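Working notes, beginning with the structure itself.
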Amino acid sequence: AKTIQAFENASRIRAVSRPGDRVAADYQLSMDIRAFQLDSGTGEAFVELSAKIVSDRTGRIVAARVFSARVPVAGAEPGAVAQGLDAALSRVLIEIVRWSGGAR
């Protein structure tokens, strides 16, 4: 949901849909979560995602990249960790949106 929100908020792509929406797409964005954690050694929230743009017509990977962000966390309590993870994820998603606009 956060990924779709990031693309919709950016208004850089004509249409964004979820799998199963029965929308004819030119490309699909495939993502894997590599890390979504608190690094207790550094006190940072760490998010890392791999992203691939796949041609819907040929199935060929058009572009691929790994994105990551680290954000300092104010403390180890759950609320602070959640805020840090949310901020790190937002940074990663903004970079994915920017990258995907030029990667096709």
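The values are calculated or read from the model by the stated rules, or taken from the named source; none is laboratory data. Because the structure is a prediction, the values reported are computed rather than measured. Here the Cβ positions follow ideal geometry from the backbone for every residue, glycine too, while neighbour counts run over all protein chains shown. Areas reflect the complete protein model, heavy atoms only, side chains present, ligands, DNA and RNA absent. Shrake-Rupley method; radii C 1.70, N 1.55, O 1.52, S 1.80 Å.
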Check your understanding: Of these, D26, D56, which one is touching a Ser or Thr at 6+ places or on another chain (Cβ under 8 Å), farther than 29 Å from Q83 by Cα and either charged (D, E, K, R) or open to solvent by 90 Å² or more (accessible area, probe 1.4 Å) (or both)?
Key -> D26
Check your understanding: Can you tell me how many residues in region 50-81 are among the hydrophobic types (A, V, I, L, M, F, W, C) and part of a strand (DSSP E or B)?
Key -> 11
Check your understanding: Applying the selection to region 1-47, what residues are under 13 Å from I94 (Cα atoms) and of a type in the set (S, T, Y)?
Key -> T3, S11
Practice item. Scan (1) closer than 14 Å to T3 by Cβ; (2) open to solvent by 30 Å² or more (accessible area, probe 1.4 Å); (3) not aliphatic (A, V, I, L, M) for the single condition S50 breaks and write down its number. Key: (2)
Practice item. May I ask you to list the residues in region 18-44 that are in contact with a strand residue (DSSP E or B) (Cβ under 8 Å, 6 or more places away or on another chain) and more than 19 Å from D56 (Cβ to Cβ)? Key: I33, R34, A35, F36, Q37, L38, D39, T42, G43, E44
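One line per residue, one yes/no per condition, for (1) more than 12 Å from the chain's Cα centre (by Cα); (2) buried (at least 17 other Cβ atoms within 10 Å of the Cβ):
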site	(1), (2)
A6	no, yes
M31	no, no
G41	yes, no
R60	yes, no
A69	no, yes
E77	yes, no
L89	no, yes
E95	no, yes
